[in-house]
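Encoded as structure tokens, the structure appears first; notes follow it.
The values are calculated or read from the model by the stated rules, or taken from the named source; none is laboratory data. Only a predicted model underlies this, so the values are computations on that prediction, with no experimental measurement involved. Backbone-built Cβ (ideal geometry, glycine too); neighbour counts: all protein chains shown.
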Amino acid sequence: MIFYVILIISLAYACILLRRNRHKSLRALPTPPGSRFFFGHYGNLGPKPHETFTRWKEELGSDIYSIKMGQTNWVILNSDKAIGELIQKRGAIYSSRQDSELIFRILSRGKSFGSSPYNDHYRKLRAIVARLLSVHKIASFFPIIDTCTRDLLRDLLYIPNKEQGELSKGLAIFPRSYIRRTTMNIIMNILFGRKTKGINDPMFKRIDKLVMRVSELASISGRSMDFFPILRYVPNYSQKKEAYALRDETESAYDGLFQEIKNDKNKNPCFIRDLWERREKEGLDELDVIHLSSNLIFAGTDTVSGSITWLLAVLANNPQIQAEAHQELDKIVGRTRLPNYSDTLALPYTRSIIREGQRYCPPTFAAVPHYIEQDDEYMGYHIPKDSFVIINNHATSFDPTRHPNPYVFDPKRWLNVNLTSAALANGPQEKRDHFSFGGGRRTCVGINLAECELFVILSRLLWAFNIENASPLGKDNQPMPIDLGKAIVGLTLWPMEYHVRFLPRGDWVKSLLIDEIVRNP
């Protein structure tokens, strides 16, 4: 007996020595200059970290390198090859998240789906969400998407005189709130069976503000407590106070929606009601349901609305692209109905505008970090355990070997691509169109719904309106181009405020959108 115990201990020790020697034989990942004692590269990323990541890739001549962010190690992946090999093929060890004191433990009490480590809790929640948002369920959401996008078009028709029933006189607006209300209403209707009444609805304002605050707190600049663990012990540290306050406000807001569901005597069907009735079978408690709702509202509101808000700025700068889309829409859809998701394959140019937008101006260039909990090796490099692993979507999006003339917005580069982004995400990563939906086992579980929303919202906006740049006039007496280089960087990337006009393309727009309400009150 003693012999076998000694043998097992000896073998285990030998394995440890072999692993240590193996790691010693591997090269350390290249790292950019400028790392400082204790702080590492923290403070060196600039206002747009994704661009800094890409610049370092070019300076180092490597599609993979590491940086120090305070006391944490980050591995930056800058090519489809590296992403495919590590994130996709080795997903078993590259699919976790850091057990963040700030974002996971405090903000969500360890209940979050999106920021959860890769464990049984995460797998249980992902299975629930995957059933809700599977490709087979998307068709059941078409009536909701149809209603919410019609509401958006009517709101834009009436600006600013909806209450007086007067059509828009071409008022210049920043469309972000209108788009965010639309995407929020879609996911809120799916989850809770209700929607907000307008951009001034207190419910919309409350949840929209919470979503924006979460995005700011979860950004690179907002997570210093994760990079410097000693800050956890600083009394009244500002980020910790914000996380606790944000958690309480989030739980209060969603508990209000949750109580409406429980008190609804008509028992109108919705996902949250169904989940609550199955909570014991699923092994969930009330806080699980509340925080899952919060995660889904955040993801469903922020990313799609960010994509559309960027695209509207691009289109305002490029009226010739709008004209080509209008020609296609008039030919295929006509002027007696709105485009639907079933028109996707018949509208290749419109579809390509959206795909090019996801490459050129996505809602996130550096996706939520993955986390590796064991040592690994890639191309002779040692990848240390407990490292954040970043998919640098900016580097792949502007790689001229993947996309010739990458700094030109050119929808025509995608005209012959018929597969959805969801289908491409599941195939070889070298053939993906973009990495805006993440990768591997952490690919956005709502990718099918997001693609549907993107197409229906943008195609209908283009069907109904000329999107006119309303920037101040330049020396040539023409509106100055909207500056797409300026951005508000959080977990989601937003353009700085700009102004456009939504000008109805013809009387048929009012006839279809307004007169039908009179006919069918």
Taking Q374 as the residue in question, decide whether it is over 30 Å from K205 (Cα atoms), assigned to a loop (DSSP other than H, G, I, E, B), in contact (Cβ under 8 Å) with a residue 12 or more places away in the chain and not charged (D, E, K, R). yes
Filter the stretch 346-366 for residues that are outside any helix (DSSP H, G or I) and not β-branched (V, I, T); the one that is farthest from D330 (Cα to Cα) is A366
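Examine the stretch 190-208 for a residue that is within 15 Å of W494 (Cβ to Cβ) and in contact (Cβ under 8 Å) with a residue 40 or more places away in the chain, and state whether such a residue exists. Spell out the reasoning first.
Applying the first criterion (within 15 Å of W494 (Cβ to Cβ)) to the stretch 190-208 yields 208.
If we keep only those that are in contact (Cβ under 8 Å) with a residue 40 or more places away in the chain too, we end up with 208.
Checked against the condition, which is being within 15 Å of W494 (Cβ to Cβ) and in contact (Cβ under 8 Å) with a residue 40 or more places away in the chain, the stretch 190-208 yields at least one hit.
Kindly indicate whether A470 is touching a residue at least 40 places away in the same chain (Cβ under 8 Å), of a type in the set (G, A, S) and within 21 Å of S352 (Cβ to Cβ).
Numbers: touching a residue at least 40 places away in the same chain (Cβ under 8 Å): yes; of a type in the set (G, A, S): yes; within 21 Å of S352 (Cβ to Cβ): no.
No.
When you look at D285, is it closer than 19 Å to N466 by Cα and surrounded by fewer than 14 Cβ atoms within 10 Å (Cβ to Cβ), yes or no?
Details: closer than 19 Å to N466 by Cα: no; surrounded by fewer than 14 Cβ atoms within 10 Å (Cβ to Cβ): yes.
When the stated conditions are applied, D285 does not pass them.
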If you scan the stretch 96-129, which residues turn out to be farther than 19 Å from I372 by Cβ and part of a strand (DSSP E or B)? none
What are the residue pairs meeting all of these: first residue in the stretch 480-494, first residue closer than 15 Å to N392 by Cα, second residue β-branched (V, I, T) and not in a loop (DSSP other than H, G, I, E, B), Cβ atoms under 7 Å, and 6 or more apart or on different chains? T492/T303
Of all residues in the stretch 59-77 being in contact with a Gly (Cβ under 7 Å, 6 or more places away or on another chain) and of a type in the set (A, V, I, L, M, F, W, C), which is nearest to M225 (Cα to Cα)? M69
For the stretch 79-90, how many residues are touching a residue at least 40 places away in the same chain (Cβ under 8 Å) and part of a loop (DSSP other than H, G, I, E, B)? 2
Any pair with Cβ under 8 angstrom, 6 or more apart, that starts in the stretch 37-48 at a residue that is closer than 7 Å to G70 by Cα and surrounded by 17 or more Cβ atoms within 10 Å (Cβ to Cβ) and ends at one that is at pLDDT below 95 and of a type in the set (S, T, N, Q): Y42/S224
Residue among I93, I76 that alone is part of a strand (DSSP E or B) and farther than 30 Å from I186 by Cα: I76
